[in-house]
Each structure stands twice: as C-alpha cells, then as structure tokens.
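A.B. asks: The structure is given below, and queries will be raised subsequently.
The values are calculated or read from the model by the stated rules, or taken from the named source; none is laboratory data. What you are looking at is a predicted structure, and each value in this text was computed from that prediction instead of being measured. So basically every Cβ, Gly included, is an ideal-geometry build from the backbone, and we count neighbours across all protein chains shown. Each accessible area value is taken on the protein alone, full model and side chains, heavy atoms only, with ligands, DNA and RNA left out. Shrake-Rupley method; radii C 1.70, N 1.55, O 1.52, S 1.80 Å.
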Amino acid sequence: MPVQRVNPAELAKPSGFAHATRYGEVVHLAGQTALTAEGKIVEGGIVAQFRQSFTNVLTALDAAGGRPEDLLSVTIYLLDIPDYQANGKEIGRIWRELAGVEYPAMAGIGVTSLWQPEALIEIQAVAAVGAGNA
C-alpha cells in the first residue's frame, strides 16, 4: 500500500514537506502555524493564531479523509506558555467550535522559536481515519 501525500489547495503551497501523509488509516499531520493560504501569518495574538493553526490542521485532516473526532494526538508548540494559558478559555471555546468536545491525547511544549518568525504557535497531530472509527 503506497503512502499518500496530501496537500490541499486551501493551504499555503508546501515546500519540502507534505501537509499530511496517509498510510492506511493512519494520518500524520504536519506542524501548522497560523499561515494563511496567501503565505502570511495572521495577526491578533495567540487566540487568532490558534484558530488559524488548528483550522489548517483540520483542513489537512479533511483532505486526508478524516474528521476532528479521528484525532489521536495533538502536540502544540508554543513560544509563550503563560500567554496560551491566560487565553485558555477562549482557545477552548474555539476548539469546541471547530472540533467538538472529544479531545485526543495532547501535549503543550514551550519552544524558543518557530519556522516563521511571526508565529506564536505550531500544531502537529496524528489521526486514525476510516470505517473502523465511525
């Protein structure tokens, strides 16, 4: 069975990576910053960047045949953990709006920098999609 590389047109064109790879029912979702399809990081702080980053993850997941409830694990890389925590209620509201109330295994990791200098957050995930998860 071949590995599928998934690069939805709604996301910025990838260079040197795939937005998602699917092998059978397992989908690995590349780290997504708050990059728009036009290649710009959204402004507005951590809440706006969380919304864009997570939307990008879900767009790639959808293109690979998955749904939010298929997420197995999510890793969130953050430049400023206290800022994320201070906005946790709003970020949680956005999660529920976009993905519902089912939560995967998660980790939040503080980092010193991300690929784009304006990025405050990057979200990476793994999902299991297919008939066995309906």
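A.B. asks: Show the residues, 5+ positions off or on another chain, whose built amide H is closer than 5 Å to the amide H of ILE41.
C.D. replies: Those lying under 5 Å, H to H, from ILE41 are THR36.
A.B. asks: Moving to a separate point now. May I ask you to give the solvent-accessible area per residue for the chain, in square angstrom, as obtained with a 1.4 angstrom probe?
C.D. replies: Values: 7350 Å² over 134 residues.
Result: 55 Å² of accessible area for each residue.
A.B. asks: Pop out the carbon and sulfur fraction of the accessible area of the chain as a percent, whole number, probe 1.4 Å. Write out the running numbers ahead of the final one.
C.D. replies: Working: 3930 of 7350 Å².
Carbon plus sulfur share of accessible area: 54 percent.
A.B. asks: What dipole magnitude, in Debye to the nearest 20, does the chain give about its Cα centre under +1 on Lys/Arg Cβ and -1 on Asp/Glu Cβ? It would help to have the intermediate numbers written out before the result.
C.D. replies: Working: 9 positive and 14 negative charges, 38 e Å.
Computed charge dipole of the chain: roughly 180 debye.
A.B. asks: Quick one: 3J(HN,Hα) in Hz for segment 9-20, Karplus 6.51/-1.76/1.60 with θ = phi - 60°, rounded, Gly and Pro as x.
C.D. replies: So the Karplus estimates, Gly and Pro as x, are 5, 6, 9, 4, 4, x, 10, x, 7, 10, 5, 8 Hz.
A.B. asks: Take every Cα pair under 8 Å in the chain that's 6+ residues apart, average their separations, divide by the length, and report that relative contact order as a whole percent. If you can, show how the numbers build up before the last one.
C.D. replies: Working: 260 pairs, mean separation 42.3, N = 134.
After rounding, I find 32 percent.
A.B. asks: Using helices alone, what [θ] at 222 nm do you get for the chain, with -39,500 (n - 2.57) per DSSP H run of 4 or more residues, divided over all residues and rounded to the nearest 500? Present the calculation step by step, with values, prior to reporting the outcome.
C.D. replies: Values: 3 runs with 37 residues, N = 134.
Using -39500 (n - 2.57) per qualifying helix, the result is -8500 deg cm²/dmol.
A.B. asks: Which of THR21, THR36, THR55 ends up with the largest GNM mean-square fluctuation for the chain, with Cα atoms connected below 10 Å?
C.D. replies: It is THR36.
A.B. asks: Could you work out which residue, out of GLY31, GLY16, GLY39, moves most in a Gaussian network model of the chain, that is, has the largest mean-square fluctuation with Cα springs under 10 Å?
C.D. replies: Comparing GLY31, GLY16, GLY39 in a Gaussian network model of the chain, the most mobile one is GLY16.
A.B. asks: Leaving ligands and nucleic acids out of the surface, order ARG5, ARG51 by accessible area at 1.4 Å, largest first. Write down the numbers at each step before the final one.
C.D. replies: On the way: ARG5 165, ARG51 75 Å².
Largest accessible area first, the list is ARG5, ARG51.
A.B. asks: Each residue of segment 47-62 in order: what ³J(HN,Hα) in whole Hz does its phi give by Karplus 6.51 cos²θ - 1.76 cosθ + 1.60, θ = phi - 60°, with x for Gly and Pro?
C.D. replies: Ordered by residue, 3J(HN,Hα) equals 5, 5, 6, 4, 4, 5, 4, 5, 4, 4, 4, 5, 5, 5, 4, 4 Hz.
A.B. asks: Continuing with this model, one more query. Suppose the Debye formula is applied to equal point scatterers at every Cα of the chain; what is log10 I(q)/I(0) at q = 0.18 Å⁻¹?
C.D. replies: -0.98
A.B. asks: From the gyration tensor of the Cα coordinates in segment 58-134, what semi-axes in whole Å does the equivalent ellipsoid have, largest first, with each one equal to sqrt(5λ)? Please list the in-between numbers first.
C.D. replies: Working: eigenvalues 119, 43, 22 Å².
Its equivalent ellipsoid spans semi-axes of 24, 15, 10 Å.
A.B. asks: Another one. When the dipole is taken about the Cα centre of segment 71-120, and only Lys, Arg (+1) and Asp, Glu (-1) are charged at their Cβ, what size is it in debye, to the nearest 20?
C.D. replies: On the way: 3 positive and 6 negative charges, 30 e Å.
So the dipole magnitude of segment 71-120 works out to roughly 140 debye.
A.B. asks: Something else: Show the residues, 5+ positions off or on another chain, whose built amide H is closer than 5 Å to the amide H of ALA20.
C.D. replies: The answer is VAL6, ALA30.
A.B. asks: List the residues whose amide H sits under 5 Å from the amide H of LEU114, counting only those 5 or more places along or on another chain, with H placed 1.01 Å from N in the peptide plane.
C.D. replies: HN-HN under 5 Å from LEU114: empty list.
A.B. asks: Still on this structure, please answer the following. Pick from GLN49, GLN116, GLN124: which residue has the top mean-square fluctuation in a GNM of the chain where Cα pairs under 10 Å get a spring?
C.D. replies: GLN116
A.B. asks: Sticking with this structure for a sec: For a quick check of your reading of the filter: which GluC sites (Glu not before Pro) in segment 1-106 sit in a DSSP loop and have no more than 14 other Cβ atoms within 10 Å?
C.D. replies: On the way: sites: GLU10, GLU25, GLU38, GLU43, GLU69, GLU90, GLU97, GLU102; in loops: GLU10, GLU25, GLU38, GLU43, GLU102.
Those that pass, being in a loop and sparsely packed, are GLU10, GLU38, GLU43, GLU102.
A.B. asks: Separate question: Of GLY16, LEU79, GLN4, which is farthest on the positive side of the dipole of the chain, counting Cα position, with +1 on Lys and Arg Cβ, -1 on Asp and Glu Cβ, and the Cα centre as origin?
C.D. replies: With unit charges placed on the Cβ atoms, the residue in question is GLN4.
A.B. asks: From the phi of every residue in segment 67-73, what ³J(HN,Hα) in whole Hz does the Karplus formula 6.51 cos²θ - 1.76 cosθ + 1.60 yield, where θ is phi - 60° and glycine or proline is x?
C.D. replies: 10, x, 5, 7, 4, 9, 8
A.B. asks: Between the helical axis of 88-99 and the dominant principal axis of the chain, each derived from Cα atoms, what acute angle in degrees is found, rounded to the nearest 10?
C.D. replies: Between helix and principal axis, roughly 20 degrees.
A.B. asks: Counting pairs of Cα atoms in segment 15-70, how many percent are more than 19 Å apart?
C.D. replies: Values: 460 of 1540 pairs.
So the portion of pairs separated by more than 19 Å is 30 percent.
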